[in-house]
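Here's the structure, in structure tokens; my notes come after.
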Amino acid sequence: MKWQELTTLTKSALLVAALGFVLRFTSTGTAEVDGQISCTHVDFAALCLGGIAMALGGVGTFKARDLEVGAKTNIWLCLMVVAIGLLHLMRGLGLVGGPC
């Protein structure tokens with residue numbers, strides 16, 4: 001795999017997916033109702049970057065089908081970015097890896 005074989009769309013998708021692991025903009029709250037404590041956690045950066053990563057990865061997958069050189073590599077990387085974007089979305093909603 002050569003860096004030159006990757007399309008700009010694939011490179012952008014990889015960058016956005018990586019930023020999703022670095023940037024944080026969170027909101028955590030607790031509430032007590034009838035003696036039960038409820039916790040909510042939202043990471044807005046993960047939500048936004050996860051959605052953008054999924055969109056870039058999806059478009060990159062379809063664009064990479066027409067390539068003569070490096071098509072398989074670009075498709076594979078874009079599909080991995082879509083999976084990472086889904087992980088970011090779940091993390092942003094507090095379903096995975098949240099403090100609650």
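The values are calculated or read from the model by the stated rules, or taken from the named source; none is laboratory data. Predicted, not measured: the structure shown is a model, and the values here were computed from it. When we count neighbours, we look across all protein chains shown, and the Cβ atoms used for this are built from the backbone with ideal geometry, even at glycine. Ligands, DNA and RNA are excluded from the accessible area calculation, which covers all protein heavy atoms including side chains. Shrake-Rupley method; radii C 1.70, N 1.55, O 1.52, S 1.80 Å.
Return the pair list, or none, for Cβ contacts closer than 8 Å from residues in the stretch 1-22 that are farther than 18 Å from Gly58 by Cβ and open to solvent by less than 100 Å² (accessible area, probe 1.4 Å) to residues that are outside any helix (DSSP H, G or I) and not hydroxyl-bearing (Ser, Thr, Tyr), at least 6 apart or on different chains.
From the stretch 1-22, the pairs are Glu5/Val69; Glu5/Gly70.
Would you confirm, using the coordinates I've provided, whether Gly29 is open to solvent by less than 40 Å² (accessible area, probe 1.4 Å), farther than 29 Å from Glu5 by Cβ and free of Cβ contacts under 8 Å to residues at least 24 places away in the same chain?
So Gly29 passes the test.
Residue check, Pro99 against (1) touching a residue at least 12 places away in the same chain (Cβ under 8 Å); (2) open to solvent by less than 60 Å² (accessible area, probe 1.4 Å); (3) assigned to a loop (DSSP other than H, G, I, E, B), all met but one. Which one?
Exception for Pro99: condition (2).
Being buried (at least 17 other Cβ atoms within 10 Å of the Cβ), touching a residue at least 40 places away in the same chain (Cβ under 8 Å) and at positive phi is true for just one of Gly85, Gly60, Gly70. Which residue is that?
None of the others qualify; the one that does is Gly70.
Residues to consider are Ala31, Ala13; find the one that is modelled with pLDDT of 90 or more and at negative phi.
Ala13
If only one of Leu89, Leu49, Leu56, Leu77 is within 18 Å of Lys11 (Cβ to Cβ), within 8 Å of the chain's Cα centre (by Cα) and part of a helix (DSSP H, G or I), which one is it?
Leu49
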